[in-house]
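Worksheet for the structure shown next.
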Amino acid sequence: MSRNILVLTGSPRKGGNSDLLADAFIKGAKAAGNRVDKYETGLKRIVGCKACDRCYSQGEACVFGDDFNALAPLMEQSDTLVLVTPMYWFTFPTPLKAALDKMYALLVGGRRSNIHESLLLACAETTEEADFEGLVKTYELIGAYQKWTDLAKLLVPGVLKVGDILHTDALLKAERIGQSLK
């Protein structure tokens with residue numbers, strides 16, 4: 001049985017290290033027969049949740065009319081969520097975090113997401129894997145709250161400049177993780 005996979009990326013940099021990581025994962029996931037949507041939060045305008053609790057009251061997920069309204073239906077129809085991101089100050093970049101925060105709209109609006117499993121693929125300039133702890137813990141807490149099964153984590157330290165990831169085995173690992181989702 002194939003999956004409906006939603007890949008949320010966090011970087012505003014097309015062709016950057018995490019973008020290449022996402023594309024490698026997607027290549028593997030599609031080869032395994034899955035349907036994949038890539039949503040680049042870093043290239044969208046998603047404002048932070050204002051906790052107004054008016055979600056879906058005017059027909060769309062957010063009454064403030066940002067790009068989350070195009071993302072919410074993808075969240076509803078996906079069963080696997082993949083977060084692919086660079087690490088900014090030990091956690092998610094603002095656009096990706098805003099998208100995750102606005103999942104609140106599904107709860108307030110009485111909507112149901114089919115997401116039941118997740119993966120985290122992240123890269124960072126730091127060479128210390130311990131520096132990923134904040135990002136990983138946030139991911140794990142979100143997953144526990146949402147009752148998602150964690151399928152994999154791939155953390156890639158030591159990549160700063162565009163293309164640094166090409167000098168690691170991370171893209172091959174990401175593709176293999178995608179291929180494993182059959």
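The values are calculated or read from the model by the stated rules, or taken from the named source; none is laboratory data. These numbers come from a predicted model, not from an experiment. Positions of Cβ are generated from backbone atoms using ideal geometry, with glycine treated the same way; all protein chains shown enter the neighbour counts.
Thr80 satisfies every condition listed in (1) over 17 Å from Leu154 (Cβ atoms); (2) among the polar types (S, T, N, Q); (3) touching a residue at least 60 places away in the same chain (Cβ under 8 Å); (4) surrounded by 15 or more Cβ atoms within 10 Å (Cβ to Cβ) except (1). Taking the condition at pLDDT 95 or above and farther than 29 Å from Lys182 by Cα, does Asp164 pass? Considered against the rule, which asks whether it is at pLDDT 95 or above and farther than 29 Å from Lys182 by Cα, Asp164 comes out as yes. Scanning the range 159-178 for residues that are over 18 Å from the mean Cα position of the chain (by Cα) and crowded, with 17+ Cβ neighbours inside 10 Å returns Val159, Asp164, Ile165.
Being of a type in the set (Asp, Glu) and over 17 Å from the mean Cα position of the chain (by Cα) is a condition met by no residue of the range 25-47. Restricting attention to the range 108-119, the residues being crowded, with 17+ Cβ neighbours inside 10 Å, under 26 Å from Leu181 (Cα atoms) and not hydroxyl-bearing (Ser, Thr, Tyr) number 3. The single residue among Glu129, Glu125 that is surrounded by 13 or more Cβ atoms within 10 Å (Cβ to Cβ), touching a Gly at 6+ places or on another chain (Cβ under 9 Å), of a type in the set (Asp, Glu) and farther than 17 Å from Ala24 by Cα turns out to be Glu125. Counting just the residues of the range 81-107 that are of a type outside the set (A, V, I, L, M) and touching a Leu at 6+ places or on another chain (Cβ under 7 Å), which one comes out nearest to Gly178 (Cα to Cα)? Only one residue fits best here, namely Thr85.
Per this entry, Leu20 is not counted among residues that are within 24 Å of Gln179 (Cβ to Cβ) and either in a strand (DSSP E or B) or without any contact (Cβ under 8 Å) to a residue 24 or more places away in the chain (or both). Flag: Asn4 does not match the condition of being crowded, with 19+ Cβ neighbours inside 10 Å and not hydrophobic (A, V, I, L, M, F, W, C). Summed over the range 130-169, residues that are in a loop (DSSP other than H, G, I, E, B) and within 24 Å of Gly16 (Cβ to Cβ) total 9.
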